[in-house]
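What follows is calculated from the coordinates using simple rules that are stated; it is not laboratory data. The shown structure was predicted, so the numbers you read here are calculated from the model rather than taken from an experiment. No Cβ is skipped: glycine too gets one built from the backbone with ideal geometry, and neighbour counts run over all protein chains shown.
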Amino acid sequence: MISVLIPVYNYNISELVSEVHKQLITSEIPFEILCYDDCSNDIKFQDYNNTINTLSHCAYTILQKNIGRSAIRNKLAKDAKFDWCLFLDADVMPKNDDFISTYLKSISEKSEVIYGGILYQEKRVDDAQLLRWIYGNKREALSAEVRNKNTYLSFLTLSFLIHKSVFNTVHFNEDIPNLRHEDTLFSYNLKEANINIQHIDNPVYHLGLEDSKTFLQKSLDSVEAINLFINQDLLPSNYTRITNIYSKIKDNVISKVLASVYYKYEATFKKNLLGKNPSLLVFDLYRLSYYCTLNSKK
């Protein structure tokens, strides 16, 4: 009935698979767990994850070459043998021991995509990871009630259930660079295809927090990815929060001022965002002003 699909790269997923496997056994339904390793370059993770092959109905497969986040998800879905596909990122862990049963109970005749949400640990993390933790808690760890107010942009691909027939219609775009925001593009494609996203409260913890410096660089990569998607007409300019703001100011002096702000205050922004009290307002200004620099060169 259900195929659990986990892409992995340089991460130990043995504990995640063990927990999900235990819940699936308890559910007494037909299942498989497919774990595809995108050619990890650290052999110790492959050693950890090879233990997955000792579990019933589980397979851990190492790809011969790295194919990227979009392609590996598409390959997993293509190889899945059951109608319902549960995608899980490698660095998550179900909060509750009824995680699988809650997803299964939420399926109705009208269900197409079901998203359970994510959480971050409540205890304050080390200062080095603080920006990612604050952003995750404030912007991503949202209840189903809140997520339903912005159905598609609130959808993240760390943990979601999708019918295989839907995935055959809307899948991850393999033509885009392996930057960021493939989930944003995927959500927009679902919206364009009138695919319903059902939001429920069935969260996983997001465990793999980057340090603030890495997260900050990935944030700029994400801005570049969104800019590329818009330039290639893959996304409308008003789809995300930052690009919507820019679409309203691009034809006046404000966009040029913001571009200048980035060049002048980049170091000041970083000092705050990499410090002990990072501000999400500064984070938003940092990304918006960087987006303005990308478009001021046109």
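Would you mind checking the tilt of helix 69-79 against the longest principal axis of the Cα atoms of the chain, expressed as 0 to 90 degrees and rounded to 10?
20 degrees
Quick one: if the Förster radius is 41 Å, what FRET efficiency do Lys213 and Ala193 give, using the C-beta to C-beta distance and rounding to 0.05?
On the way: r = 38 Å, r/R0 = 0.92.
Approximately 0.60, to the nearest 0.05.
Among the chymotrypsin sites (Phe, Trp or Tyr not before Pro) within region 178-264, which fall in a DSSP loop and have no more than 15 other Cβ atoms within 10 Å of their own Cβ? Intermediate values should be presented prior to the final figure.
Numbers: sites: Phe186, Tyr188, Tyr205, Phe215, Phe229, Tyr239, Tyr246, Tyr262, Tyr263; in loops: Tyr239.
Answer by residue number: there is no such site.
What order do you get for Tyr120, Tyr265 when you list them from fewest to most C-beta neighbours inside 10 Å? Mind dumping the intermediate values first?
Values: Tyr120 20, Tyr265 16.
Fewest to most other Cβ atoms nearby, the residues stand as Tyr265, Tyr120.
Stretched out fully, how many nm does the piece from Lys110 to Val125 gain, at 0.36 nm a residue minus the Cα gap?
Working: separation 15, 0.36 × 15 = 5.40 nm, distance 4.04 nm.
Stretched out fully, the Lys110 to Val125 stretch lengthens by 1.4 nm.
What's the exposure ranking of Glu266, Glu109, Glu28, Glu15, going from fewest to most Cβ atoms within 10 Å?
Sorted ascending by nearby Cβ count, the order is Glu109, Glu28, Glu15, Glu266.
Each residue of region 275-288 in order: what ³J(HN,Hα) in whole Hz does its phi give by Karplus 6.51 cos²θ - 1.76 cosθ + 1.60, θ = phi - 60°, with x for Gly and Pro?
Computed from phi, the couplings for region 275-288 are x, 8, 9, x, 9, 5, 5, 5, 4, 5, 5, 4, 6, 5 Hz.
Counting other Cβ atoms within 10 Å of each Cβ, which trypsin sites (Lys or Arg not before Pro) in region 44-75 have at most 12 and sit in a DSSP loop?
Details: sites: Lys44, Lys65, Arg69, Arg73, Lys75; in loops: Lys65.
Answer in residue order: Lys65.
Using modelled backbone amide H atoms (1.01 Å from N, in-plane), which distant-in-sequence or interchain residues come within less than 5 Å of Gln198's amide H?
Those lying under 5 Å, H to H, from Gln198 are Glu112, Val113, Ile114, Tyr115.
Checking the a/c ratio against 1.5 first, then a/b against b/c, what shape does the Cα gyration tensor give for region 1-57?
Details: a/c = 2.78, a/b = 2.05, b/c = 1.35.
Prolate shape, in that a/c is at least 1.5 and a/b is the bigger ratio.
Among residues other than Gly275 whose Cβ falls under 12 Å from its Cβ, what is the net charge (Lys/Arg +1, Asp/Glu -1)?
On the way: positive: Lys213, Lys270, Lys271, Lys276; negative: Asp127.
Counting the neighbours of Gly275, the net charge comes to +3.
If you compute semi-axes √(5λ) of the Cα gyration tensor in Å for the structure shown, which of (1) 41, 22, 17; (2) 34, 22, 19; (3) 65, 23, 15 do you land on?
Matching the structure shown: (2).
Taking the Cα atoms only, what angle lies between the long axis of helix 212-231 and the longest principal axis of the chain, rounded to 10 degrees?
80 degrees
Give the long-range amide H neighbours of Tyr205: residues separated by 5 or more places, or on another chain, with amide H under 5 Å away, using H modelled in the peptide plane at 1.01 Å from N.
Amide H neighbours of Tyr205, under 5 Å, 5+ apart: Met93, Lys95, Leu119.
Greater than 26 Å separation of Cα atoms is the criterion. Which listed pairs, Lys218/Lys271; Lys138/Lys276; Lys123/Lys149; Lys149/Lys256; Lys149/Lys248, meet it?
On the way: Lys218/Lys271 17 Å; Lys138/Lys276 16 Å; Lys123/Lys149 28 Å; Lys149/Lys256 33 Å; Lys149/Lys248 22 Å.
In this structure, Lys123/Lys149; Lys149/Lys256 lie more than 26 Å apart at Cα.
For Lys138 paired with Asn244, estimate the spin-label separation in nm (one decimal), with each label point 7 Å from Cα along the Cα-to-Cβ line.
My value for the distance between the label points is 1.8 nm.
Which lysines have a Cα less than 28 Å from the Cα of Lys81, not counting those fewer than 8 places away in the same chain?
Lys81 reaches Lys22, Lys65, Lys95, Lys105, Lys110, Lys164, Lys191.
Please arrange Ile43, Ile134 by how many other C-beta atoms lie within 10 Å of their C-beta, fewest to most.
Working: Ile43 8, Ile134 20.
Sorted ascending by nearby Cβ count, the order is Ile43, Ile134.
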